[in-house]
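Report on the structure given below.
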Number of protein chains: 2
Amino acid sequence: MKVLLVYAHPEPRSLNGALRDVAVKELESQGHEVRVSDLYANGWKSEIDRADFPWLTPDAQLIPGAASKKAFEANALTEDVKAEIEKLLWADMLILQFPLWWFTMPAILKGWVDRVFAYGFAYGVGEHSDNRWGDRYGEGTLAGKRAMLIVTAGGWEEHYTPRGINGPIDDLLFPINHGILYYPGYEVLPPFVVYRVDRFDEAGFQSATERLRERMRTIETTPPIPYRQQNGGDYLIPSMQLRTELGDPGATGFALHLNGTDG
Amino acid sequence: MKVLLVYAHPEPRSLNGALRDVAVKELESQGHEVRVSDLYANGWKSEIDRADFPWLTPDAQLIPGAASKKAFEANALTEDVKAEIEKLLWADMLILQFPLWWFTMPAILKGWVDRVFAYGFAYGVGEHSDNRWGDRYGEGTLAGKRAMLIVTAGGWEEHYTPRGINGPIDDLLFPINHGILYYPGYEVLPPFVVYRVDRFDEAGFQSATERLRERMRTIETTPPIPYRQQNGGDYLIPSMQLRTELGDPGATGFALHLNGTDG
């Protein structure tokens, strides 16, 4: 497979840097072709602003969605964004690797999403009718490709379990896995997460890298998170409500949007 | 009250700009004192990087948490960060206003959190013992103050309801409300959210601004989201698991961490 790893940590001599090298090496040893977008090293610009749309006249209002749509259609996105889109189209698999800061990705990686996931490319795709509501959540430009997260967290694993105080890690990552990756079509593999990384010793590192290598060896076969397809019949259109007969009765929250949870 | 509004939209002539002006005007007409941090207008730097810690020698490894701790203790954070911390200490209430991009805040606002919420200020506060696990989740530097979100979303409200495909808005915002605002001590008011903002007409705008004015008139009396306090006895220490007898039996997800949901 062709794999794009988007890496968002400011220090190459970090645990994240070491895990990235382990992942790349393992993937290459399996015959995969790997490209890395190292956002900090490349000086990635995080903010959507007028510099993204230099053709906007000074008196024109900046409406980010409308400007993104116009730029994508006219092939007038900035060169750094076009290069990332080209890599996403090239890759069969996308890996986002980052430290969990304040329960989500660092600003620089959010800025990569905000700028690269253009209107007409990652959203605003497909027709709206009585049978379908655009190509999203399981359909879209990136359908047929796989994606996963590699995440490091300072906190304890117990604090991220179903009854842990931070909230379940799968729920904390749902806005990314479902809202950013599944939305434009990716099949999303379960995340690779390591905890308590501020206290890592050599044994912890060896254990984490062995788990990571195993995940990298199985990227083609690991079953994705079974999110429900938007246009597959489970949701009413256009209200996009999960049909009342689906989902575990009484269940709440993000877990409703998984297949196989019907009561 | 003293109110700090942190504003994250690139275009002043936008719905967000109009809502900000409505909020500020209503707050001032109620006698509140308001300061605004306009992140785009101020050219806020989004990325934590070595420039945040100029005293780090070139060969020193950048460990963001450790560097943040050292800089906060030595009063050596950068001037832009120190100015924001001063405003947070000044304000009785914090409002974060932003458009919902990919189900969370824009990169520039995440970068404000990443850089301003320093170690020793917003996390890494307090003692760890058998009875308490640091001052967080209801305790901490910002305890006694209030906070709330003002959010605009392009999607339909139905898509953000408990069975809507995007996931419930309260769950999507939980990592911010609970993980970013409640964590350092804020009491968090229910968010103000407007939907389908790309199709706003004059009647929609009038309705939204009236709702917003009402919220601004009641910032001192609106009951906060009843998150459970970490050190109040509901969680085991140090595993930080919600005690098994608490929470609606069978409930999953973020809702467990609300008081008043015990079965």
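Any residue in region B:241-253 that's closer than 18 Å to B:Pro226 by Cβ: show its pairings with residues that are loosely packed, with under 12 Cβ neighbours inside 10 Å and modelled with pLDDT under 75 at Cβ separation under 6 Å, as long as the two are six or more apart or on different chains.
Matching pairs, first to second residue: B:Asp248/B:Gly263.
State all residues of region B:104-117 that are surrounded by fewer than 24 Cβ atoms within 10 Å (Cβ to Cβ) and part of a loop (DSSP other than H, G, I, E, B); if no residue qualifies, say none.
B:Phe117 - this is the single residue of region B:104-117 that is surrounded by fewer than 24 Cβ atoms within 10 Å (Cβ to Cβ) and part of a loop (DSSP other than H, G, I, E, B).
Just for region B:1-38: of the residues that are among the basic types (Lys, Arg) and touching a residue at least 40 places away in the same chain (Cβ under 8 Å), which one is farthest from A:Asp59 (Cα to Cα)? Can you show your working first?
Of region B:1-38, the ones among the basic types (Lys, Arg) are B:2, B:13, B:20, B:25, B:35.
So of that shortlist, the ones also touching a residue at least 40 places away in the same chain (Cβ under 8 Å) come out as B:2, B:20, B:35.
Working: B:Lys2: 34, B:Arg20: 21, B:Arg35: 27 Å.
Taking the candidates together, the pick is B:Lys2.
Condition check: buried (at least 20 other Cβ atoms within 10 Å of the Cβ), over 19 Å from the mean Cα position of the chain (by Cα), of a type in the set (Asp, Glu) and modelled with pLDDT of 95 or more. Does A:Asp52 satisfy that? If you could, list the steps in order and put the result at the bottom.
On the way: buried (at least 20 other Cβ atoms within 10 Å of the Cβ): yes; over 19 Å from the mean Cα position of the chain (by Cα): yes; of a type in the set (Asp, Glu): yes; modelled with pLDDT of 95 or more: yes.
Against the criterion (buried (at least 20 other Cβ atoms within 10 Å of the Cβ), over 19 Å from the mean Cα position of the chain (by Cα), of a type in the set (Asp, Glu) and modelled with pLDDT of 95 or more), A:Asp52 qualifies.
Could you grab me the full set of residues in region B:224-247 that are more than 9 Å from chain A (Cβ to nearest Cβ), under 25 Å from the mean Cα position of the chain (by Cα), part of a loop (DSSP other than H, G, I, E, B) and more than 14 Å from B:Asn131 (Cβ to Cβ)?
B:Pro224, B:Ile225, B:Pro226
Please verify whether region A:29-47 includes one or more residues that are outside any loop (DSSP other than H, G, I, E, B), surrounded by 13 or more Cβ atoms within 10 Å (Cβ to Cβ) and facing chain B (nearest Cβ under 10 Å). Please lay out each step first, then the result.
First, the residues of region A:29-47 that are outside any loop (DSSP other than H, G, I, E, B): A:29, A:33-38.
Then keep just the ones that are surrounded by 13 or more Cβ atoms within 10 Å (Cβ to Cβ); that gives A:33-38.
Narrowing further to those that are facing chain B (nearest Cβ under 10 Å): none.
Scanning region A:29-47 turns up no residue that is outside any loop (DSSP other than H, G, I, E, B), surrounded by 13 or more Cβ atoms within 10 Å (Cβ to Cβ) and facing chain B (nearest Cβ under 10 Å).
When the residues of region A:203-221 are narrowed to those that are part of a loop (DSSP other than H, G, I, E, B) and touching a residue at least 40 places away in the same chain (Cβ under 8 Å), which ends up farthest from A:Phe174 (Cα to Cα)? Reasoning before the result, please.
Within region A:203-221, the first condition is being part of a loop (DSSP other than H, G, I, E, B), and the residues that meet it are A:218-221.
If we keep only those that are touching a residue at least 40 places away in the same chain (Cβ under 8 Å) too, we end up with A:219-220.
Working: A:Ile219: 20, A:Glu220: 22 Å.
Among them, the one singled out is A:Glu220.
So, in region A:142-187, how many residues would count as being touching a residue at least 60 places away in the same chain (Cβ under 8 Å) and in a helix (DSSP H, G or I)? Explain how you work it out, then say what you get.
In the first step, residues of region A:142-187 are kept if they are touching a residue at least 60 places away in the same chain (Cβ under 8 Å); the result is A:146, A:148, A:150, A:152, A:166-167, A:170-172, A:174-176, A:178, A:180-181, A:183-184, A:186.
Okay, now just the ones that are also in a helix (DSSP H, G or I), so A:170-172, A:174-176, A:178, A:180-181.
Final tally of qualifying residues: 9.
Check off (1) crowded, with 17+ Cβ neighbours inside 10 Å; (2) farther than 21 Å from B:Glu214 by Cα for B:Leu19 and give me the number that stays unchecked.
Result: B:Leu19 passes all but (2).
Looking at B:Gly253, B:Gly263, can you tell me which residue is within 18 Å of B:Leu173 (Cα to Cα), modelled with pLDDT under 90 and either within 14 Å of chain A (Cβ to nearest Cβ) or crowded, with 20+ Cβ neighbours inside 10 Å (or both)?
Result: B:Gly253 is the single residue among B:Gly253, B:Gly263 that is within 18 Å of B:Leu173 (Cα to Cα), modelled with pLDDT under 90 and either within 14 Å of chain A (Cβ to nearest Cβ) or crowded, with 20+ Cβ neighbours inside 10 Å (or both).
The values are calculated or read from the model by the stated rules, or taken from the named source; none is laboratory data. What you see is a predicted model, and the numbers here were worked out from it, not measured in a lab. Every residue, glycine as well, gets a Cβ built from its backbone with ideal geometry; the counts of neighbours run over all protein chains shown.
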